Each structure stands twice: as C-alpha cells, then as structure tokens.
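Here's the structure, in structure tokens; my notes come after.
The values are calculated or read from the model by the stated rules, or taken from the named source; none is laboratory data. Just so it is clear, the model here is predicted, and its values are computed rather than measured. FYI the Cβ positions are ideal-geometry reconstructions off the backbone, even for glycines, and counts take in every protein chain you see.
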Amino acid sequence: MGKIVGLNGDEAVAYAAKQSSVDVVAAYPITPQTIMVEKFNEFVADGDVHTEFVCVESEHSAMSASVGASLTGARVFTASASQGLALMHEILYLASSMRCPIVMGIANRALSAPINIFADHSDMMGSRDCGWIQVYTEDAQEAYDWIIQAFKIAEDPDILLPITVNLDGFTISHSTQDVNMLDDKDVKKFLPEKKIEYLLDPEKPMTVGAGNNPDYYYELKMQQVEAMNKVPQVVKRVNDEFKNFSGRKYGIVDTYEIKDAEVGVMALGSVTGTAISIAEEMRMAGNKVGVIKPWFYRPFPSNEILTSLKNLDVLAVIDRAISFGAPFGPLCNDIMALLQNEEIDLEVFNVITGLGGRDITPNMTRSIFEKALEVQKEKKVKKPIIYLGVRS
C-alpha cells in the first residue's frame, strides 16, 4: 500500500490524475479549482509525468481541446468550477454526445451574480442534464479515490461517457486532510496506461459531430441513454476491483444506520459528514435516525435510494442549490418524482441551505433532524421547503 499524506482536496485530485497516466490536460484556472491544474502543471514541469499540458484562453476552449484530444484516443483530464463550467456548457453536450470518456474535477462554487467564490452546487446542477456521469464526494480521500475509479468507469467500452468528480469549493478543495495514497504500481495495475487507438487520424480522415437531421438524431440520443443505464453495473465491478487492492469500499449510494432508521436525511457532498456526526449523537439519545449519501447523482441511483428509504417515515432532503421556479431543489425534485412513480407514501421536506459558501453548522444540521422527528410525530409536512440559515 501507499502512504498517508496531508493534502487539500484539489491536490488530492491532481495526484490522482498524475497516477492515472493522463495523456492530455487542457485547462483554464478559476477559483477554487485552480490548484488542481496548477499542481498538475508542476508535475509536468518537473518531468514526473509525460502529459501534454495545453494552456488555453478560456474554459470553453479547455473543453473543446479536451474533446479533440479524447477523440484521438488520449486519456484526458480537465477541471473547472462555477462561471468556468457555465462557459463550458455548450461543449459539455458535445463531449457526452461524441462519447468522450473525459474526467473533470469540479470544485463546486456558486454562480454569479453577485460574485461569490464559495461553495454551493448551483454550477453543476445547472448542467445536470448534459449527459455526464456525476459523482459527489464528502472529503479529499473520496475525491482522490473517485478520480482514479472515474477513468476506469468512463473508458469502459459499454460506457464511453465523460464524468465529473465534484468536491465542495474551499470546504474540501482548500482544506488539508490525511489522504491515504496508493502506490503508483498498484494504480497502474488497476488502471493501465491507455492504449491509444487513433479515432481521428490524418491518414484515415473521418467526420465526427456532423449535422444530423430528424432521421437519426433521436436514435443517437437513445444510445447515450442505454450507456447511462449500464453505468451502475460497471461501477459495481470497478468498485469491487478497487476494494480488492485499496481496502476501501465504494458504491452508488452510501448510508449510515439506515436499516432501522425511521427518520433520514439525504444530501450530496461535504455536509454528509456533519449529518453523520449529528446522527451518531442523536442515536445515542435513542432517536432512530440515519443518513443517505448518494455518491452518484447522474445516473440517478433510483434502485439504491428506494432500498434505503423502505423503512423510513420521514425524509429530509438537503439541497445546496435553488431550482428557481421549480417545486423543490434539484435533488429533492428527483426524489419526489421517484416516490410518485413508485407510489410510495413517505413524508418528505426539502431544506435549501449552504448557498454561496454559508456554513452548514452542526446546530443547523441538528435542527433538520429535529424537524424531521417533529414531522414524524405529527405525521404531516406543514412546510415543504425550508430555507435554512438565511437572514430575514
């Protein structure tokens, strides 16, 4: 095995990309992602990797270059956040439609205006239907581990879709934690260097992403649907392989004490760590509470979530983004649709909190559990959406 190193989340992502034998990195800096590509550029300058590092003039160009490199057969990594991700938006659809297995680190950050450089999930939620697989992480260790696994998932012949690995800006990206790093040789065995089979070759000209009229467009979209539907089985296989040499267990959804829980809290990202800590305290006081942490948001892990919910009376869903004009936040909207489709009678309420990097404190998290217990007692949700932590 490797060694334990103090790294912030961005550095952990950079080291994981380094060990993944990336052929091309095309990127443009933006806070709080910058350290990811800055650190990787140090590896290039020091001769630690044989990667082509492409400095571009914008995030739009970064994703365009990434798509071009991926279409030649190269293993490609990039990174972004917030306004940068928004500028990439057009090309995100090209990457997924042309089946480019790019891996992108996202240090989630609020979108302007007003200008805010701190964490929430509005950036990625604005691109949630762009056809990318999406993973959300709780800490630097998970960010490191998922980057390495992401390449193997994305490059599987049955998948060939791009992946974002999301980590909350500053909360994870700039916080130093112990990261249990793997030996280079072990990572290389798990994820061998990519054998480049040139798809775009000057000697054999071909066209990609050409005009496509109604005769075929729908069928091509269905190919993406079919690939996305195969993701869970590939993830399970990759997770099992990863566990065999790392000892660390991953999956589509993680849970804490959910089997006998009557009240649950669901969230994405770093707040899940706080929720688990509070759930431990509340369990000691005799409350049957649990936590559901989806690692994957796309594809939406319907089966795994349904299994987690089966014994609950009440579920509180935390969203770190607003879906303006929609009934609920993004994650809660999907949960409500799932429950309606399955005709499941469960009391659910949505908590919108942590926008623009505002702290989600232990006391705030405790209040969510307490509200859920109150709903259980009254057997009715009186307020479907709670905007927690906002000053009136």
Might you check whether a residue that is among the hydrophobic types (A, V, I, L, M, F, W, C) and over 20 Å from the mean Cα position of the chain (by Cα) occurs anywhere in the range 287-296? yes
Subset of the range 241-261 (residues that are surrounded by 10 or more Cβ atoms within 10 Å (Cβ to Cβ) and not in a loop (DSSP other than H, G, I, E, B)): Glu241, Phe242, Lys243, Phe245, Ser246, Val253, Asp254, Thr255, Tyr256
Output the residues belonging to the range 23-58 that are aromatic (Phe, Trp, Tyr) and in a helix (DSSP H, G or I). Phe40, Phe43
Yes/no for Val225 being under 20 Å from Val76 (Cα atoms), assigned by TED's automatic domain parsing to the domain that holds Ser70, aliphatic (A, V, I, L, M) and surrounded by fewer than 23 Cβ atoms within 10 Å (Cβ to Cβ): no
Out of Ser112, Ser61, Ser127, I need the residue that is part of a helix (DSSP H, G or I) and polar (S, T, N, Q). Which one? Ser61
Looking at the range 189-199, can you tell me whether even one residue there is over 25 Å from Ala16 (Cα atoms) and touching a helix residue (DSSP H, G or I) at 6+ places or on another chain (Cβ under 8 Å)? yes
Name the one entry in Leu161, Leu182, Leu167 that is assigned to a strand (DSSP E or B) and touching a residue at least 12 places away in the same chain (Cβ under 8 Å). Leu167
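Picking from Val208, Val225, Val238, which residue would you name as being in a helix (DSSP H, G or I), in contact with a helix residue (DSSP H, G or I) (Cβ under 9 Å, 6 or more places away or on another chain) and hydrophobic (A, V, I, L, M, F, W, C)? Step through it out loud before you land on a result.
Numbers: Val208 fails: in a helix (DSSP H, G or I); Val225 fails: in contact with a helix residue (DSSP H, G or I) (Cβ under 9 Å, 6 or more places away or on another chain).
Just one listed residue meets the conditions, Val238.
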Under 6 Å by Cβ, and 6 or more places apart or on different chains, what pairs join a residue from the range 211-224 that is more than 16 Å from Ala95 (Cβ to Cβ) with one that is not acidic (Asp, Glu)? none
